[in-house]
Amino acid sequence: MGGIYVNPWLLAAIIAVVVIAVVIKRMIGEPVNTRDLFVAPAILTGIGVLSLVKMTDLTGTDLTWVITGAALGAALGAFRGATVQLVDKGGVLWQRYTGRTFLAVIGTLAITAGFSILAVKMGMHENARPVQLSIGVSFLGESLIVGRRGMASGIPFAPSRTR
């Protein structure tokens, strides 16, 4: 009995569009609500974990590097989250990426690339670290810090939009 097949290029394109849309919205500024903070990172992380579960040739070395990489990604996302501007706009919390946020992104990409090269040189299979997991945990780390900072500000979060 086969599972649902999703074309990896289609999945990559969808993820790229979602990430680009999130970044553009945050450059412009957007209200902070719990659903927007956590749903996309949770979905991407879940897809990444599911990809790992489906891998049949995963080794202990792979898992060690994947777990370490996920922790690093979450920490770098948290660092990036500390650079996001939070303001009161119309009585609710808004967030906006700043120049410092984009410097953090560049640094994060360089560190992550270096980590990936090291992991492969130390024995991790190149395909053992799903991109979705890396992006998901990074955005999750960012969201946790933005959420914590938002709660500490005392400014109410925006209500979730209804569809």
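The values are calculated or read from the model by the stated rules, or taken from the named source; none is laboratory data. Source: prediction; values computed, not measured. Cβ sites come from the backbone with ideal geometry, for glycine too, and all protein chains shown count toward neighbours. The area values use the complete protein model at the heavy-atom level, side chains included, leaving out ligands, DNA and RNA. Shrake-Rupley method; radii C 1.70, N 1.55, O 1.52, S 1.80 Å.
Just so you know, in the range 50-88 the residues that are within 22 Å of Asn127 (Cα to Cα) and among the polar types (S, T, N, Q) include one that is surrounded by the fewest Cβ atoms within 10 Å (Cβ to Cβ), and it is Thr56. A count restricted to the range 2-46 and to residues that are open to solvent by 40 Å² or more (accessible area, probe 1.4 Å) and at pLDDT below 90 stands at 22. Hey, among Ile155, Ile135, which residue is more than 20 Å from Gly46 (Cβ to Cβ) and either over 19 Å from the mean Cα position of the chain (by Cα) or surrounded by 20 or more Cβ atoms within 10 Å (Cβ to Cβ) (or both)? After ruling out the rest, the residue left standing is Ile155. In this structure, is Gly123 surrounded by fewer than 16 Cβ atoms within 10 Å (Cβ to Cβ) and not in a helix (DSSP H, G or I)? Here the answer is yes, as Gly123 does meet what is asked.
If you take the residues of the range 126-163 that are free of Cβ contacts under 8 Å to residues at least 12 places away in the same chain and assigned to a loop (DSSP other than H, G, I, E, B), which of them is nearest to Gly73 (Cα to Cα)? Filtering first and then ranking leaves Gly154.
The number of residues in the range 12-29 being under 23 Å from Ser51 (Cβ atoms) and free of Cβ contacts under 8 Å to residues at least 40 places away in the same chain comes to 7.
Has the range 57-64 got at least one residue that is part of a helix (DSSP H, G or I) and among the hydrophobic types (A, V, I, L, M, F, W, C)? Yes; the residues of the range 57-64 include at least one that is part of a helix (DSSP H, G or I) and among the hydrophobic types (A, V, I, L, M, F, W, C).
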